[in-house]
Structures are given as C-alpha cells and as structure tokens.
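J.: The structure that follows is given in the form of structure tokens.
The values are calculated or read from the model by the stated rules, or taken from the named source; none is laboratory data. Treat the numbers as computed from the prediction; the structure is a model and nothing was measured. Using ideal geometry, Cβ is built from the backbone for each residue, glycine included, and neighbour counts are taken over all protein chains shown.
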Amino acid sequence: MDFRLKNLPKVRPFPSKQDRLRVVAKHVPHAQALATSWLLRVRPIFATLYSLRRKLATIAVTLVAGFLFAHVMFGVNGMVVYKQKRAEYESLQKRILLEQKENQLYTQQIQGLKTDEKSIEKEAREQLHYARPGEYVYVPPAPLNVPPPLTHSAKK
C-alpha cells in the first residue's frame with residue numbers, strides 16, 4: 001500500500017527576501033481593510049460593554065454596601081445584638097451594686113453582732129420574742145394564704 005499524498009500543489013520557498021517583502025506588501029491593503037472592518041464591528045460592542053461595566057460596577061458596589069450594612073446591623077455581632085448585650089450588661093451592673101450594698105449591710109450586722117451587746121439583745125428580742133419585765137410584745141397575726149388572682153397573662 002502506498003500512503004503517499006499525490007496531486008498536492010508544491011510549496012516553493014521564495015527565492016529572496018525582496019520577494020517575500022513584495023508578497024507581504026501586496027497583501028497589506030487587504031489586511032488593513034479586514035482590520036478596519038473588524039474594528040468597525042467590534043467598537044460599538046466595546047463601547048456598550050464599557051457603559052454596562054460602569055453600571056454593573058455601581059450595582060455591585062451598592063449590593064456590597066447593602067450586604068455590609070445588613071451584616072453590621074443584624075449579624076452575629078451586629079448593632080442589634082450589641083445593644084441587647086449592652087442593656088444586659090447595665091442591668092447586671094445595677095444588680096451587682098445592689099448585691100454589694102446588701103453584702104455591706106450584712107457585714108455591718110455581723111460586725112455589730114460580734115462586738116455590740118445592744119445589737120445582740122435586739123436580735124434576740126426580735127427573733128425569739130423575748131421581753132424585759134414590764135414590756136409587752138405585740139405579734140401581728142399570720143397572713144392568710146390567698147392565692148394570687150388568675151389573669152390572662154398567667155394562663156399563657
């Protein structure tokens with residue numbers, strides 16, 4: 001079997017550099033016309049893309065700014081959560097101050113009971129209902145166990 005290609009035009013190299021330049025120069029006007037027609041077709045497309053690029057960039061920046069705003073306001077560590085935590089922090093600070101005042105009061109009472117005989121006597125009289133000769137102890141009646149009224153909020 002013969003796999004040689006037959007009937008192909010023979011490619012001849014140009015004999016000199018001048019001949020090569022002459023062939024290239026001969027095709028220059030055709031190449032220029034082709035490039036010009038291509039530019040005339042593509043230039044409006046690029047102009048449209050350029051104007052759309054600016055609009056798309058503006059829309060993208062607006063969307064990113066909106067996303068960042070939503071993230072800052074409603075995100076995991078956003079302003080809403082920050083305000084809630086801030087309010088909780090302030091209420092806990094107030095509670096700490098109240099507990100500290102109560103602790104100081106109890107500390108003063110303990111110190112008084114350790115050192116002052118009058119405070120010891122006063123506590124004994126109040127808690128054990130003691131009285132000196134000639135004194136009367138008034139004991140208020142025990143409060144009745146009245147159940148709290150049922151309201152609509154209690155039912156929920």
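J.: Determine which member of the set Leu68, Leu40, Leu56 is at pLDDT 90 or above, surrounded by 10 or more Cβ atoms within 10 Å (Cβ to Cβ) and assigned to a helix (DSSP H, G or I).
T.: On inspection, the qualifying residue turns out to be Leu68.
J.: Sticking with this one: Can you report the number of residues in the stretch 18-34 which are small (Gly, Ala, Ser) and either touching a strand residue (DSSP E or B) at 6+ places or on another chain (Cβ under 9 Å) or at pLDDT 90 or above (or both)?
T.: Initial filter on the stretch 18-34 (small (Gly, Ala, Ser)): 25, 31, 33.
Still in the running and either touching a strand residue (DSSP E or B) at 6+ places or on another chain (Cβ under 9 Å) or at pLDDT 90 or above (or both): 33.
The number of residues fulfilling the criteria is 1.
J.: Would you call Thr115 loosely packed, with under 10 Cβ neighbours inside 10 Å and more than 28 Å from Pro140 (Cα to Cα)?
T.: Values: loosely packed, with under 10 Cβ neighbours inside 10 Å: yes; more than 28 Å from Pro140 (Cα to Cα): yes.
Yes: the conditions hold for Thr115.
J.: Next question, about the same structure. Count, please, the residues in the stretch 67-114 that happen to be polar (S, T, N, Q) and within 34 Å of the chain's Cα centre (by Cα).
T.: 4
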